[in-house]
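> Once you've had a glance at the structure underneath, I'll fire off some questions.
A short reminder: the numbers here are calculations on the coordinates, not readings from a lab. If you're wondering where the values come from, they're calculated on a predicted model, not measured in any experiment. Here the Cβ is made from the backbone with ideal geometry for all residues, glycine too, and neighbour counts use every protein chain on show.
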Amino acid sequence: MNSSAGPKSMSPSERVPELDGLRGLAILLVVICHYIANSEHAPLGFWIHHFLSSLSIGWSGVDLFFVLSGFLIGGILLDSRESPRYFQTFYLRRIHRILPIYYAWIFLYMAVVSTAVLLIPRAVSLTRLDLAQAPKYLLFLQNMMYEPTRFQWQWFAVTWSLAVEEQFYLLAPPLIRFFSLRRLVVGLCSCVCIAPVLRYLALRHLEHGSVVAVFAMPCRADTLAFGILAAVAWRQPKFRMYLREHPAVLQRAAAWMLVGLAVLTWWLVRPVSVMTITVGYSWLAVFFTCFLLLVLSQTEGRVARVARWRVLRYLGGISYCVYLIHFTVNQLAHSMILHAAPRIYDLPGLAVTVLAALLTLVVADLSWRYFERPLIRRGHRYSY
């Protein structure tokens, strides 16, 4: 890694291209996990099968999203904490960004299920129960009541993380508004320490404890807390100056964290275990926080240059829609065309997977151009 020009602070309205690139990297990791690692590929042979299976580490892209969300949302709130329109502006902007496309996805689900139940009940396995579960998705409670039917799983599997984000949006604004900076930092550090304990207790003592440990907000709050802590630190001139004058410190920290992550991969790509939900999740949070600070502080370094790649920044721009629909598109494409679960070990399976990826990108691009971006601009009419 190369050293760089000095880091700079960020204003609430500033768009940092490197952060779009990190979003793009996060969504790329998630898509690789779901389209390649989680598809059937055992017939390709022992070594190829195990290599492709190891790519399921791509699920950690969700943790990168969490760190980025904590850093960006926490930073906006920190910069605006004295605003008389603090809560009003924050929630109106979030509503314009998050809810329209998410609710459109839910209403499309309801339309599909209603049509199937009313018109072709014997031809499909859908029932009124699938329709009755819609309210929990509307209220972002799916990570608290995670018992989906197969079709719900195909349609909403990835949305547990959106529920975590929305619950974060409810908790973070009052904490940042009313806590002193010192108390906020103490609270965030406490969260970082307590969350792994909660995950361990959930896994050991609760029925469906692995679901709680992986999906529930209190158990996943530490990754978001790391992002807010990074936002607090980044707003201290002495901290940015230290990173500029000692670039090797962050480089070595990120390198050693990457080595540790390689060791932990054995557990991270396997079913949920104590090692995964304690050391694994916390290690990922620290690694991605170091990675984020490295990109921000060493803007001429190799990592930052990669983060500015046009393809990553493009993916980062459309990442929300891609994340929301990619899993469903792949599942339904294989089910409707090949009448089978996703696979990539033969030409038909590979072709359908590529088709699903292209369809996802096209829909996400159109959504961004004609739906999401205009709504974001409308939301930003509300000023702090």
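> Provide ASP222, ASP20 in ascending order of the number of other Cβ atoms located within 10 Å of each residue's Cβ, fewest first.
ASP20, ASP222
> I've got another one for you. Against the longest alpha carbon principal axis of the chain, how many degrees, from 0 to 90 and to the nearest 10, is the axis of helix 61-79 turned?
40 degrees
> Further question: Calculate the length of the line joining the C-alpha centroid of the stretch 138-191 to that of the stretch 57-80, in whole Å.
12 Å
> Also, quick follow-up: Output wanted: per-residue J couplings in Hz (rounded whole) for the stretch 214-224, from phi through Karplus 6.51 cos²θ - 1.76 cosθ + 1.60, θ = phi - 60°, x for Gly and Pro.
For the stretch 214-224, the Karplus-derived couplings read 8, 10, 6, 4, x, 7, 10, 5, 5, 5, 5 Hz, x marking Gly and Pro.
> What FRET efficiency comes out for MET110 versus PHE178 if R0 is 41 angstrom and r is the Cβ-Cβ distance? Round to the nearest 0.05.
0.60
> Quick one: GLU207, GLU300, GLU165, fewest Cβ neighbours within 10 Å first, how do they rank?
GLU207, GLU300, GLU165
> Exposure proxy check: SER83, SER69, SER125 ranked by fewest other beta carbons within 10 Å?
Exposure proxy ranking, most exposed first: SER125, SER83, SER69.
> Right, next: Specify the angular offset, from 0 to 90 degrees and rounded to the nearest 10, of the alpha carbon long axis of helix 281-297 from the longest principal axis of the alpha carbons in the chain.
It works out to around 60 degrees.
> I'd like the orientation of helix 319-337 relative to the chain: the angle between its Cα long axis and the longest Cα principal axis, in ° from 0 to 90, rounded to 10.
20 degrees
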